[in-house]
Amino acid sequence: MSEKQRQFALLFLMNFFIFLGINSMNILPAYLATLGAGNGLIGMFTTIPTMTLVLIVGIQLFRGQTYNKLRLLRLGFITTFIGTAGLILFHSNLLVMFLFYMLTGINYGAGFTNLFSMMYDITPEDKRRSYAALFGISGLMTSGLASIMAQGIYIYIAPHMIFMVPLVFSVLVILLSYSLKKECYTLVEEENFTFSGLALKPGIGVLIFQTLAFGGGYGIFKTFIPLFTEQRLGIVDITRFFGFFTLVGVAYRLVFSRFLDRIPRRLIMAIGFFVMVLTILYLNWMTKPAQLYYLGAFYGMAHSLLFPTLSAEFVRIGNENRAAYSNIFIALFTIGITASSCFLGILADFLGLQAIPYAITAVLMAALLSLFHRPAERSEEAA
């Protein structure tokens, strides 16, 4: 195993631990509902980590200052440890929980973004889609495992002890960070990013919209699956959906990741958006718990096509500003999650949960159609 392969494995493991903590919070909406929170508040509460990520990326881009990826990574997980400890201690006070949950969000903003950027530091330029797909397995495979862990703790130990999961894994990430070889990475980023430069990139407006729409679709599953299962099936069940989302997503990336660099980007994205639309619409038609397996499987396929393809495209057009554009993609994706969770949660308070799939489907269909109305691109960009 070469040094870069070893470093890739370390980043993979660290990202795995990060997302075990993040995805264990998929059951959080059910816990907040027991404390009396409405759909709108639940949507706002569960998007705190994504809002924190956007804030951190925004500060980096606007200030354009030099920063050290590794130090920022460790700082994020120290604050996560403090935040999750506070959540356990003040588990029945929504206001105090809101404040401590903001601290836990720093691991998403400082951890996930920097690990993804560091992965691109050791990735061949012509294999970015396939490497991004493989690296994404580290986060994807946690969805089912984290859901099982969190649901088991929620039911059999105590609901508020679900916060132990991110607490434990934040410590493991800090320890693993000391095994990284600094010379393999561009650890200190000197940002020369400008928003005027971003605006001049060909087709960037459509790409931004597609990323926001993709994030919005993911936000529906991340935030509202516990509530849909309770309303449609009479039980809170996240393990069936996220379990098969994980199994199919991981298998799909392992088998097909090598082909992602060869298939036209628009075709990959068209299939991904179409499958996502069908999956979301079916939320309103669920009648049996077993149907969650199909939903998880189809969404696992859509996510595995869209995430690495959109991420690699941002890095490609960013060129010399690789870290900045990687972070922009992640920030836009999380803004989509935040917007859909908040606004569609409020919509559900007025019109009911059944309005959510129809609303987000309209956005996803617009993203799908945008693939066929882009200006002509150079051949290397259209690939």
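Summary of values
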{"quantity": "Test for residue 11: is it touching a helix residue (DSSP H, G or I) at 6+ places or on another chain (Cβ under 6 Å) and within 16 Å of residue 176 (Cβ to Cβ)", "calculated": "yes"}
{"quantity": "Any hit, the range 123-132, residues being of a type in the set (A, V, I, L, M) and either at pLDDT 85 or above or assigned to a helix (DSSP H, G or I) (or both)", "calculated": "yes"}
{"quantity": "The range 78-122, residues that are modelled with pLDDT under 80, among the aliphatic types (A, V, I, L, M) and either surrounded by 24 or more Cβ atoms within 10 Å (Cβ to Cβ) or under 14 Å from residue 168 (Cα atoms) (or both)", "calculated": "110"}
{"quantity": "Matching option when the condition is modelled with pLDDT of 85 or more, in a helix (DSSP H, G or I), basic (Lys, Arg) and farther than 25 Å from residue 25 by Cβ, among 322, 266", "calculated": "266"}
{"quantity": "Qualifying position, being surrounded by fewer than 17 Cβ atoms within 10 Å (Cβ to Cβ), within 16 Å of the chain's Cα centre (by Cα) and either modelled with pLDDT of 75 or more or assigned to a helix (DSSP H, G or I) (or both), among 75, 55", "calculated": "55"}
{"quantity": "Verdict on residue 258 being at pLDDT below 85, surrounded by fewer than 19 Cβ atoms within 10 Å (Cβ to Cβ) and in a loop (DSSP other than H, G, I, E, B)", "calculated": "no"}
{"quantity": "Meets criteria (under 29 Å from residue 244 (Cα atoms) and among the hydrophobic types (A, V, I, L, M, F, W, C)) for residue 85", "calculated": "no"}
{"quantity": "Residue among 144, 111, 152, 136 that is assigned to a helix (DSSP H, G or I), in contact with a helix residue (DSSP H, G or I) (Cβ under 8 Å, 6 or more places away or on another chain), farther than 29 Å from residue 59 by Cβ and not hydrophobic (A, V, I, L, M, F, W, C)", "calculated": "144"}
{"quantity": "Any chance residue 232 is in a helix (DSSP H, G or I), touching a Ser or Thr at 6+ places or on another chain (Cβ under 9 Å) and more than 22 Å from residue 359 (Cα to Cα)", "calculated": "no"}
{"quantity": "So residue 173, is it surrounded by 20 or more Cβ atoms within 10 Å (Cβ to Cβ), modelled with pLDDT of 85 or more, assigned to a helix (DSSP H, G or I) and not hydroxyl-bearing (Ser, Thr, Tyr)", "calculated": "yes"}
{"quantity": "Qualifying residue in the range 285-302 (condition: buried (at least 21 other Cβ atoms within 10 Å of the Cβ) and more than 19 Å from residue 136 (Cα to Cα))", "calculated": "yes"}
{"quantity": "Flag for residue 124 being in contact (Cβ under 8 Å) with a residue 12 or more places away in the chain and of a type outside the set (A, V, I, L, M)", "calculated": "no"}
{"quantity": "Extreme residue, surrounded by the fewest Cβ atoms within 10 Å (Cβ to Cβ), among residues of the range 31-52 that are among the small types (Gly, Ala, Ser) and modelled with pLDDT of 75 or more", "calculated": "36"}
{"quantity": "So residue 24, is it more than 14 Å from residue 163 (Cα to Cα), among the small types (Gly, Ala, Ser) and in a helix (DSSP H, G or I)", "calculated": "no"}
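The values are calculated or read from the model by the stated rules, or taken from the named source; none is laboratory data. All of these numbers come straight from a predicted model, not from anything done at the bench. Cβ coordinates were reconstructed from backbone atoms using ideal geometry, including for glycine residues, and neighbour counts include every protein chain displayed.
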